[in-house]
Every structure is written in C-alpha cells, then in structure tokens.
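First comes the structure, then the notes that go with it.
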Amino acid sequence: MSEARLLTNTNSLRRNVAVGALVREREHTDTLAHKLEAKNFNFYYGTFQALSDISMVMREHSITAIIGPSGCGKSTLLRAINRMHDQTPGARGNGQLMLDGQNIYGPETDAVLLRRRIGMVFQRPNVFAKSIFDNIAYGLRIAGWHDRKQLAARVEQCLRQAALWDEVKDRLHSSALGLSGGQQQRLCIARAIAPRPEVLLMDEPCSALDPIATLKVEELMLELRREYTIVIVTHNMQQAARASDETAFMLMDPATRSGQLIEFGPTNRIFTNPQDKRTEDYVTGQFG
Amino acid sequence: MAQAERLSTWQTFQQRTKHGDVIFWLLTLFFALMVVALVAAVGYVAWVGSSEARGRFGLSFLFKTGWDPNAQNFGALPAIYGTLVSSGIALLIAGPLGILIGVFLSELCPQRFKSPLSFMVELLAAIPSVIYGMWGVFVFVPFFRSWVAAPIAKSVGKSFPLLAGPVAAGRGLMVAGIILAIMILPTIAAITRDVLAVVPNHQREAMLAVGATRWEMIRKAVLPYARAGIIGGLMLGLGRALGETMAALMVIGSVKDKISTSLFGGGITAASLVASELPNANDSMHESTLILIALVLFGITLCVNAFARLLVWQAARGPVGSARS
Ligand SMILES: Nc1ncnc2c1ncn2[C@@H]1O[C@H](COP(=O)(O)OP(=O)(O)OP(=O)(O)O)[C@@H](O)[C@H]1O
Ligand SMILES: [Mg+2]
C-alpha cells in the first residue's frame, strides 16, 4: 500500500478491513506446526516470580500477539524466548520453553546459536552508531557472511523488505543515527531479519512510530509471516486485532504480582468472543 | 485583571532569575578565565626565566646532545628522547592491559568480585610515586636485569642495537617505561571501566540479539561506543607518564649527556632532569637552561593534549554525517 493511499485512507474502519483481509487469508491456524511452546513455564528475578505457569504455543508462519496491562510480564516472556535475560544477575527460568521441541533453557542449548535462530526487535530503536549499511552487515558478518557482493545484496533485500530502501538507498554509508525514530525502528527490523532467523520477536515495535509507519510495520509483519514465526508484544488493541493470528492475554496476579496467562486463542475469538470476563473487560477497554 | 497581575509578578520573577543568570554567568566566566590566566602565567614565567638559555642556544638546543654545567654546554635532545620513549613504552604496555582490565571489571567480572577488585585498582592509583620508584630500585631492577634484559641482550640484542647490552647497571629507559606503565595502568583501567559502565544496555542487547558471542558484543558494540572515553583515559595516562618525576628519576639511570642506542641503556626525562638539578644549580645559565627544559616539557604535553583532543573529537564524531557531530 503506498504512503499516499494510506494518507487518504483516514477511515480506520476501511483500513482495518483492508489489512484484515490479509489476515483472513488464513482462518485456521490450528493445523500449523508448533514452533515455540511453553509448558508450565515460570520465570524469576531473584526471589520475585515474574511469570507463573505459562502454557501456550506459537505456531510456525503465524503471528502471535501478547497483550496485557503494563507490568504483567509481556517483555519478560518475550525476552525469555531468546534468553536475553542471561545478562541479568539472578534472572532464571524453569519449566519448559521449547523451540522445535528443544528446551531453550536446557543444558544442551547454546544461547548464541539460539539467538541466531531467533531475531529480536526492541521497544526502543537501538541502532549502532555506525553506518546504515554496517548496522545490517554486523549481524550478517557474525552469521558468517563475508562475500562482499552477497552481503550488499542481502542488505538491500532486507532494507526493501523493511520498506526502508527507497528512503536510504542514497546514504547507505552515512550514520544510522541520522535517521528518524521510525526509520531507525525499520532499520532494526531489517537488521533482525537479515541473518534469516526462524522466529522474530518484537517488543512493542511501534510504540514510537506514527500511524503510517505503524501500518508499514504491520504490513511488513504480514508479509514476513510467510517466512518467519512472529511474536509481538503490543499495547495497541487495534494492532493485535488487525495483524495477528493468535492472541495471548496476560494479567498480573494481584496477590503475588506475578504474570499469568489468562486466555490464549485465535485473535478473532479473543476479540469477539472471549471466554474470560477479564479478557473481555480488557479488550473492550473497561479494564481497572 | 487578576490574570494580568499574576502575569506581572511572574514577569518580575523572571527578571530576577535573569539577574541570577547574569551573575552566575559572570562567576563561571571569571573562573574559566582564571584557568586561561594560570596557563599563561606558567608559560610566561618559563619563557622569561629561560631567556638567557634561549638567547645562547636558540632552536638548536632541541636537537643537541651534551650536558656539562661547568663548560656550559647543554642540549635537550636526550631529555626529550627519554621523556617520549619512556612514556611511549609505558603507554604501549599499560594501554592494552589497562583496557583489558577495564573490560574485565565492567563486563566479565562476577558481581561479587567487582567492588573488591575495583577498590584494589583504585588503591594502586593512590600509591605515591616514590614508593613505585623504591620498589623499582630494590625489586624490579635486579629482577629485570638478570631475568629479562641480560638474556635478551645476549640473544636478540646481538642483531638489534635497540635491545643490545650492556645491562650491568640495570637502570634504563626500558625499566623506567615499565615502572611508568605500572603507575598509569590503574588510571587507564579505572577510566575504561567507568566509560564502559555507562554504555547503554540496549547496545549490548542489540548485538547479542543478532547472535553475537560475548566477546563479539564487547568488541563490536561496547568498545566502539566507548571509544572516545577510552582514548581520553589513555591520554590521561600518557600525560601522567610524561610528567612523572620521582619514580622515573630513580630507575632511569640519569644519563643526561647522550642518547643510548639501546633501550636497556640509561637515559633521563625532562621532568626528572629539572627536579634533580634545579635545587643545586650553580649559576644563572644552568638555572635558565633547566627552566628551558621545563618549557620544552610544557610544549610536549601541550602537543600531546592537542593530539588527544583531535583523536577524541574524531572518535566522537563517528561515521560520516553522524547526527552527533
Ligand atoms: N530486571 C528486572 N529485575 C527485577 N524485576 C524486573 C526486571 N525486569 C522486569 N521486572 C519486573 O517484572 C515484572 C514484569 O515486567 P515486564 O517488563 O515483563 O512487564 P511488561 O508487561 O513488559 O510491561 P510494559 O508493558 O510496561 O512493558 C514487573 O513487575 C517488573 O517490575
Ligand atoms: Mg515491556
């Protein structure tokens, strides 16, 4: 969808229908393979239990949205998937969290190799203070790409996929810090998909973006779904409804302050026919 | 009406803070100018005090060897050479080591050893230089002579004049460089640790998330981000080495009249030359020459600092067209 068309398309309902049609290409996700699976997964920061007893699946080639109020443990769960917590002293997980049936926290799993299979886009765009080209090439070089031509071709391909190519093609070798926030975030997405991970984790990737850039990212997700498994944390209900196949709703247990999974299922059902009263309150905006 | 009144009190308040601004501005300006005045005063004293020697030797003083107070024959080259070489050796050794220690303290050290180790590094920086010198004289010089200098001079030194003997005295440029390295090591390590500690976590996470190992993360995300600060730390260490007097004097061998081709040979640094001779300079020419040596040292440190500024500025500028320029 071109930017001009988006600008004229101010009627959000119509837009929803347009993008929703893309989602609705696939009504039934339950036949897809389980890419990620959590079984009674718990997570602790020292003595504080941040996640308790999470059980859910994230299916291959589908988009799973994680929604819930602030502090309920969405980021914790997302970051547990690529072991980003390894750096945090005292943080540990137990129970099962599996990628293709292999326990992510098992002793046989190497965090570095794991992260090459699982890319991540952070809430705040965190580009390196390097050129636009190098921001993407770093990850590729780490993954063993050294041929200059292939590298350049892959960088271009990723920038195109992230809908950034046209804006930066003339200044690939100038600093990434000179880009706008939204452009930086799309650069981070390009960087994350460059080494062809199998899973793409996105933590509120659009929280710093304007509506147009947000829509671009959503379209990108729907396109990337063909190749990747996407898990996205979002505070934006419309975004979850528009651009995800399945939705997990999380809530903090008022007594223990640890995060729980309240309801998980196809996005349509979560938003139109939730089973739990708390889910209904949250998605209809009557929460708290 | 009430609104207008409130507005006017607000305005007077603003006026008042404006005065505050002016006073504060004048105060800071005064102290900033004082720094400039101090530098100028030091330079002026050295310039005037050295006029006799300058008039006699001219610019060739910088390129001449020889040191004979009785014949009034002086040259600065050995002191310049000794200063630059001993400090250069110190930086070559302490630079990489200090950065590695800083990296270890900030990135790799287990939490529970962090503060004791950091404390010890800071303690090392606080030891007075005369104690380093003493340790150098009694412990390091004998050890270095028989276990390092002698074997090297006997083997490699046969074909490399820079590492040739004799090593009998033990004291020399190399030993001084090593002692200076030990002295500036904690400075470099502590500064590196501090600048790495403020590298934002999201930079580390960005690198890890694309599948970097810890070492790749440090090398490609953490160190580049902290580059300007690390260079600053190196230059601070170098500055300390250039100006160090006591420890250098005790181990460098005090050879003032010629340049030894070997690093194991004796030498002198500008600072230690001035410190050791000024108290018993026997005539005005001798005194004036020593002040000129001090002026030369002043010039060397100014040049080094200007160069450091340039490096830091370039490092901070980042890639072409960076928004941080
Ligand atoms: N490094 C940490 N150490 C200790 N507690 C933490 C840490 N990070 C998060 N927490 C706690 O874990 C809980 C879940 O945090 P998390 O960041 O996962 O929330 P979130 O759902 O992502 O919230 P938000 O929507 O505001 O980003 C919170 O109570 C938080 O205080
Ligand atoms: Mg979060």
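The values are calculated or read from the model by the stated rules, or taken from the named source; none is laboratory data. Note that this is a predicted model, so its numbers are computed, not measured. Positions of Cβ are backbone-derived with ideal geometry, glycine not excepted, and every protein chain shown enters the neighbour counts.
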Original post:
Looking at the range A:105-127, which of the residues that are within 16 Å of ligand 2 (Cβ to nearest atom) and out of contact with any Asp or Glu (no Cβ under 8 Å at 6 or more places or on another chain) is farthest from the other protein chains (Cβ to nearest Cβ)?
Top reply: A:P125
**OP:** Could you please let me know if B:V103 is more than 14 Å from every other protein chain (Cβ to nearest Cβ), modelled with pLDDT of 90 or more and farther than 27 Å from B:A247 by Cα?
**Re:** yes
Subject >> Pair list, Cβ under 7 Å, 6 or more apart: the range A:58-74 residue closer than 17 Å to A:E223 by Cβ, other residue within 14 Å of ligand 2 (Cβ to nearest atom) and β-branched (V, I, T) >> reply: A:I63/A:I232; A:T64/A:V231; A:A65/A:I232; A:A65/A:T234
**OP:** Please work out if B:A206 is away from chain A (no Cβ under 11 Å), out of contact with any His (no Cβ under 9 Å at 6 or more places or on another chain) and modelled with pLDDT of 90 or more.
**Re:** no
Original post:
Of everything in the range A:216-237 that's in contact with a helix residue (DSSP H, G or I) (Cβ under 7 Å, 6 or more places away or on another chain), over 17 Å from A:A190 (Cβ atoms) and more than 14 Å from every other protein chain (Cβ to nearest Cβ), which residue is farthest from ligand 1 (Cβ to nearest atom)?
Top reply: A:M237
**OP:** Read through the list (1) away from ligand 2 (no atom under 16 Å from the Cβ); (2) within 27 Å of A:L99 (Cα to Cα); (3) away from chain B (no Cβ under 14 Å); (4) not in a helix (DSSP H, G or I), then give the number of the only condition that A:F249 fails.
**Re:** (1)
**OP:** Answer yes or no: is there a residue in the range A:93-108 that is more than 27 Å from A:L261 (Cα to Cα) and modelled with pLDDT under 90.
**Re:** yes
Original post:
If only one of A:K74, A:K39, A:K35 is within 12 Å of ligand 1 (Cβ to nearest atom) and more than 14 Å from chain B (Cβ to nearest Cβ), which one is it?
Top reply: A:K74
Original post:
Only one residue in A:D100, A:D53, A:D86 is within 14 Å of chain B (Cβ to nearest Cβ) and surrounded by fewer than 23 Cβ atoms within 10 Å (Cβ to Cβ). Which one?
Top reply: A:D86
Subject >> Selected residue (only one of B:I259, B:I230, B:I268, B:I291 is at pLDDT 90 or above, away from chain A (no Cβ under 14 Å) and part of a loop (DSSP other than H, G, I, E, B)) >> reply: B:I268
Subject >> Enumeration of residues in the range A:76-94 that are over 20 Å from A:N40 (Cβ atoms) and either among the hydrophobic types (A, V, I, L, M, F, W, C) or not in a loop (DSSP other than H, G, I, E, B) (or both) >> reply: A:M84, A:D86, A:Q87
